[in-house]
Amino acid sequence: GENTKRKEKRIRVREHLQSLENSVSNTDRQRKRKRSDSSSPDSKLKKDSDGTVAQCATGLRNLGNTCFMNAILQSLSNIQVFSCYFKELPSVALRSGKTAGRRMYHTRSQGDSSVSLVEEFRKILCSLWQGSQTAFSPDALFYVIWKIMPSFRGYQQQDAHEFLRYLLDHLHREMQGSKNGSPSPALSPDRPKHASESKCCINGTSTIVTSVFGGILQNEVYCLICGTESRKFDPFLDLSLDIPSQFRIKFTKDQEPGPTCTLNDCLRSFTDLEELDETELYMCHKCKKRQKSTKKFWIQKLPKVLCLHLKRFHWTAFLRNKIDTYVEFPMHGLDMKSFLLEPENSLPARCLYDLAAVVVHHGSGIGSGHYTAYGLHEGRWYHFNDSTVTLVSEEAVLKAKAYILFYTERSDQESPAKL
Ligand SMILES: [Zn+2]
């Protein structure tokens, strides 16, 4: 029954971890594997229904329900400011002979200094967009992920958004530890945090992760009994937005479809004044007791890359349901000005964002289905479906039921994009 199944799964996980370990430690075998890749059927680029085969793009092989990882990796590879940073890092071998370099990246999660997430992530980014049509196998990275993020072990479908959060968090922590070749004192838990630091960074010193994705929310709570307002700054790497309830109704074929939900509707519902219900009473320091209150989010600082996660998975009594509502999103010129705390302090251009990548979940449940991604590369849109990469039209991208959207800040030099 259930027990045997679980046992079998454990054995499979162990076996796979072992095989990944072998493939990482044995470079010869890796090379052999790469050669055999080119003849394997899944690495051949097929003509997809939604576009023509992309000539310079490289797909990522599915290692068994690893499309959640592939979709995130392909998205991040198209965020130039982020992926260029990693691609320009020297390889571990170059940095300090053969083995010593590995120690420069310190993986803190399990005190394991034999693996480097940063290094494997760098290798993946370097392998994409090199003109090779052979799908790349991300097994070395997956091996590191299994080692440092135990919750992603196994072959079951995972939540791509959760994976993104873990990936960014671990990259951030490893890079904090790599400064000066030794773990940064910023990471030791007993170190007092300075107020100024916690305001602009996620735990401690800034890295490429926080400097690209990091923004700050101001959380305003207002006590409805005494009127005391309290403000708190919350750093964020992404914003998780609800799809407003009025857009969640499913329509049958005979019914008139309601108005289309837009990304602005989701952003507005996120930043709207919200009355907290009885279950989340707020501890008012003036009343000195838990009181009814209202809450409001403002964006105090916008990030360079704005990552928006649409909460499509919701818990009901026993099930995690998917909200399949189409959410309309702009490709050019997403204007964040009205959500800013002090819009007068920012230049107009600083609030405009253009779409760089989209992650889509296909299927009904979080534990099933399939992830793909769209990404903009040198002015053209691509669809990444594991080992298959195709060129697609802007219209095809805009029709997607987005799960995660990556928007990049429009720089001042750029002329306004076509609308
Ligand atoms: Zn009060």
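Filter the stretch 292-304 down to the residues that are part of a strand (DSSP E or B) and hydrophobic (A, V, I, L, M, F, W, C), then identify the one that is farthest from the ligand (Cβ to nearest atom).
Quick first cut of the stretch 292-304, residues part of a strand (DSSP E or B) only: 293-301.
Checking the rest, the ones that are also hydrophobic (A, V, I, L, M, F, W, C) come to 297-299.
Working: 297: 20, 298: 21, 299: 26 Å.
Per the criteria, the residue is 299.
Which condition breaks for residue 264 when tested against (1) surrounded by 14 or more Cβ atoms within 10 Å (Cβ to Cβ); (2) polar (S, T, N, Q); (3) in contact (Cβ under 8 Å) with a residue 40 or more places away in the chain? The one condition residue 264 does not meet is (3).
Restricting the stretch 45-93 to residues that are outside any helix (DSSP H, G or I), modelled with pLDDT of 85 or more and of a type outside the set (Val, Ile, Thr), which is farthest from residue 356 (Cα to Cα)?
63
Regarding the stretch 94-105, can at least one residue be identified that is of a type in the set (Gly, Ala, Ser), part of a helix (DSSP H, G or I) and at pLDDT below 90? So far as the stretch 94-105 goes, yes, one or more of its residues are of a type in the set (Gly, Ala, Ser), part of a helix (DSSP H, G or I) and at pLDDT below 90. Among the conditions (1) more than 17 Å from residue 328 (Cα to Cα); (2) surrounded by 19 or more Cβ atoms within 10 Å (Cβ to Cβ), residue 286 misses just one, which is (2).
Residue 219 meets all of the listed conditions (1) in contact with a helix residue (DSSP H, G or I) (Cβ under 7 Å, 6 or more places away or on another chain); (2) surrounded by fewer than 16 Cβ atoms within 10 Å (Cβ to Cβ) but one, namely (1).
Within the stretch 246-291, how many residues turn out to be assigned to a loop (DSSP other than H, G, I, E, B), out of contact with any Pro (no Cβ under 6 Å at 6 or more places or on another chain) and on the phi < 0 side of the Ramachandran plot?
Applying the first criterion (assigned to a loop (DSSP other than H, G, I, E, B)) to the stretch 246-291 yields 248-260, 272-273, 276-277, 281, 285-288.
Now restrict to residues that are out of contact with any Pro (no Cβ under 6 Å at 6 or more places or on another chain): 248-250, 252-260, 272-273, 276-277, 281, 285-288.
If we keep only those that are on the phi < 0 side of the Ramachandran plot as well, we get 248-250, 252-260, 272-273, 276-277, 281, 285-287.
Total meeting the criteria: 20.
Find the residue count for the stretch 349-372, including only residues that are farther than 18 Å from residue 324 by Cβ and either among the acidic types (Asp, Glu) or part of a strand (DSSP E or B) (or both). Break it down stepwise before answering.
From the stretch 349-372, those farther than 18 Å from residue 324 by Cβ are 349-357; that's our starting set.
Cutting the leftovers down to either among the acidic types (Asp, Glu) or part of a strand (DSSP E or B) (or both) gives us 352-357.
The total comes to 6.
One residue stands out among those in the stretch 234-291 that are among the aromatic types (Phe, Trp, Tyr) and under 21 Å from the mean Cα position of the chain (by Cα): the one that is farthest from the ligand (Cβ to nearest atom), which is 236.
In the stretch 221-233, which residues are away from the ligand (no atom under 14 Å from the Cβ) and touching a residue at least 40 places away in the same chain (Cβ under 8 Å)? Before the answer, list the steps.
Step one: of the stretch 221-233, the residues away from the ligand (no atom under 14 Å from the Cβ) are 231-233.
233 - this is the single residue of the stretch 221-233 that is away from the ligand (no atom under 14 Å from the Cβ) and touching a residue at least 40 places away in the same chain (Cβ under 8 Å).
The values are calculated or read from the model by the stated rules, or taken from the named source; none is laboratory data. Treat the numbers as computed from the prediction; the structure is a model and nothing was measured. Reconstructed Cβ throughout: ideal geometry from the backbone, glycine too, with neighbour counts over all protein chains shown.
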